[in-house]
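K.L.:
First the structure, which I've put down as structure tokens, then a few questions once you've had a look.
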Amino acid sequence: MNCVLYLLVNTRTKALLKDPSSGINAEWPLRPGDCALLLFQKGISKITMDPDRPGFIGTSWPDSLKLMGDTKFLGNLLNFPKDTINDEVVELLEPYLSADDFNLERAKAVSGNVAGLLSWCRAMSFFFSINKEVLPLKANLAVQEGRLIIANTDLAEAQAQLDAKQKELDIVQAKFDGAVSHKQMLLDDAEATRRKMTNATALIEGLAGEKTRWTEAGLRFSDQIKRLVGDALLCTGFLSYSGPFNQEFRDLLQKNWKTMCMRNKIPFSEDLDLIKMLVDQATAGEWVLQGLPTDNLSIQNGIIVTKAARFPLLIDPQGQATIWIKKEKSTDCDSALIPLL
């Protein structure tokens, strides 16, 4: 609903207009409409003074009603072409705007819509006072934009020439880069060859020093091969017969077996270490992490359990072997059988 229709149904406004003590002339609410007519540069009735109140200007109510009754009136206010305001329009607005009672407080007493229209009229007048200083700047801006277009055209021509020269430079630069790359490749090949020669020389010199150590290692390997039969015999006897006995009796068995080997002239290692012979250090360390004690007897028992061809019988009062077997065989045994161990 536009402001005119709002005035027609606003009973409070009608009461104020009829009340002489309110100080509001019956023609007052229509004066913002006259200002809108002037701003939209529409025709208005002949301006006359209000016969009822000296010093007050009469209004062009029929013309205002036609303007504000338009359904697009609010949109016209929002999209008003402010640059069309000129000195003549502002001069015609001046008698309305300079009236003592033409203020926002008096307008609010009549209607919020009337107050909004009054504020818009004053804002357009104030805008013109500012726009008078902006318009020369806009004109100058148009001139400078024209100069900018010319300058951009010249710049585009210069840029085209620069691009052509840049293409020629890129071709020459590509040839130069190719020559530099080929040169660097030759230098890299020469450096790689030099490093290979240096490494080969160092390797030859190092191998000369290793000859003695390799010769000694070869002699030791030959000696170990000769003793391998006896060492295997001792390890086999350990796995087959040492399980039920303690460490002391196991050492006694090893001593007796070594005597038999000497009597039968079977070579063996005097310093044979059964643990090192039958299991690597990493596996033994893993057993310890799984709960097997670190003493030699426990490690030997673990070897017998894992290496023997027959199922071992464990006497385990402390439960250490059970804990170890559960962890060591957890991935091999059926999960339903593990609790039975």
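K.L.:
Looking only at the stretch 278-331, which residues are modelled with pLDDT under 85, closer than 24 Å to C235 by Cβ and among the charged types (D, E, K, R)?
P.N.:
Once the filter is applied, which keeps residues that are modelled with pLDDT under 85, closer than 24 Å to C235 by Cβ and among the charged types (D, E, K, R), the stretch 278-331 yields K307, R310, E328, K329.
K.L.:
Picking from N264, N256, N296, N246, which residue would you name as being within 60 Å of the chain's Cα centre (by Cα) and open to solvent by 60 Å² or more (accessible area, probe 1.4 Å)? Outline the logic, then answer.
P.N.:
Values: N264 fails: within 60 Å of the chain's Cα centre (by Cα); N256 fails: within 60 Å of the chain's Cα centre (by Cα); N246 fails: within 60 Å of the chain's Cα centre (by Cα).
N296 is the lone residue from the list that is within 60 Å of the chain's Cα centre (by Cα) and open to solvent by 60 Å² or more (accessible area, probe 1.4 Å).
K.L.:
Considering only the stretch 240-285, how many residues are without any contact (Cβ under 8 Å) to a residue 24 or more places away in the chain and either closer than 30 Å to E328 by Cβ or outside any helix (DSSP H, G or I) (or both)? Lay out the reasoning, then the answer.
P.N.:
Residues of the stretch 240-285 that are without any contact (Cβ under 8 Å) to a residue 24 or more places away in the chain, as a first pass: 241, 244-245, 248-249, 251-256, 259-260, 262-265, 270-271, 273, 276, 280-285.
Next, from what is left, pick out any that are either closer than 30 Å to E328 by Cβ or outside any helix (DSSP H, G or I) (or both): 241, 244-245, 248-249, 251-254, 264-265, 270-271, 273, 276, 280-285.
Residues in the stretch 240-285 being without any contact (Cβ under 8 Å) to a residue 24 or more places away in the chain and either closer than 30 Å to E328 by Cβ or outside any helix (DSSP H, G or I) (or both): 21 in total.
K.L.:
Here is a follow-up. For the stretch 87-141, which residues satisfy the criterion of being at pLDDT 75 or above, closer than 20 Å to R31 by Cα and among the basic types (K, R)?
P.N.:
Correct list: R122 only.
K.L.:
Within the set of pairs 6+ apart or on separate chains, which have a first residue in the stretch 68-94 that is small (G, A, S), a second that is part of a helix (DSSP H, G or I), and C-beta atoms under 7 Å apart?
P.N.:
Between residues of the stretch 68-94 that are small (G, A, S) and residues that are part of a helix (DSSP H, G or I), the close pairs are G69/V4.
K.L.:
Kindly indicate which of I315, I304, I325, I299 is within 26 Å of R220 (Cβ to Cβ) and of a type in the set (A, V, I, L, M). If you could, list the steps in order and put the result at the bottom.
P.N.:
Working: I315 fails: within 26 Å of R220 (Cβ to Cβ); I304 fails: within 26 Å of R220 (Cβ to Cβ); I325 fails: within 26 Å of R220 (Cβ to Cβ).
Step by step, each of I315, I304, I325, I299 is checked, and only I299 is within 26 Å of R220 (Cβ to Cβ) and of a type in the set (A, V, I, L, M).
The values are calculated or read from the model by the stated rules, or taken from the named source; none is laboratory data. Fair warning: this is a prediction, and the values are worked out from it, not measured in the lab. We place every Cβ from the backbone using ideal geometry, glycine too, and count neighbours over all the protein chains shown. For accessibility, only protein heavy atoms count, side chains too; no ligands or nucleic acids. Shrake-Rupley method; radii C 1.70, N 1.55, O 1.52, S 1.80 Å.
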